[in-house]
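> Starting off with a structure, shown below.
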Amino acid sequence: MKLKPLADRVVVKQIKAEEKTKGGIILTAAAQEKPEVYEVLVVGPGGMVDGNEVKMEVKAGDKVIMGKYTGTTVKLDGEEYTIVRQSDILAVVC
């Protein structure tokens, strides 16, 4: 199944947490911090949103930072995705 976001929405997937520390200690799932870095998978076309023209600034493959409680999480084919508005993205990781 494919997702096609509408308007200024972006489909992202959270990047997996580190399983080892820099010192080589293996972390359990409970001890791993959830990263706030996501990979952009699909970007909507932009256009008119709430009477304003929206130009899409992010593209598929970008790594972005978002707030912890942003967007709507959906589960498709056993994978978890988050759908957010472009304005919910705080920064692009360079």
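> Between I26 and L6, what length comes free when the chain is fully extended (0.36 nm per residue of separation minus the Cα-Cα distance, one decimal in nm)?
3.2 nm
> If you take every residue apart from V12 with its C-beta less than 13 Å away from the C-beta of V12, what net charge results, scoring Lys and Arg +1 and Asp and Glu -1?
-1
> Figure the gain on full extension for K13 and A60 (residue separation times 0.36 nm, minus the Cα-Cα span) and round it to one decimal in nm.
Between K13 and A60, full extension yields an extra 15.8 nm.
Since every read-out is calculated from the coordinates, none of them should be taken as a lab result. Quick caveat: nothing in here was measured; it's all calculated off a predicted structure. Backbone-built Cβ (ideal geometry, glycine too); neighbour counts: all protein chains shown.
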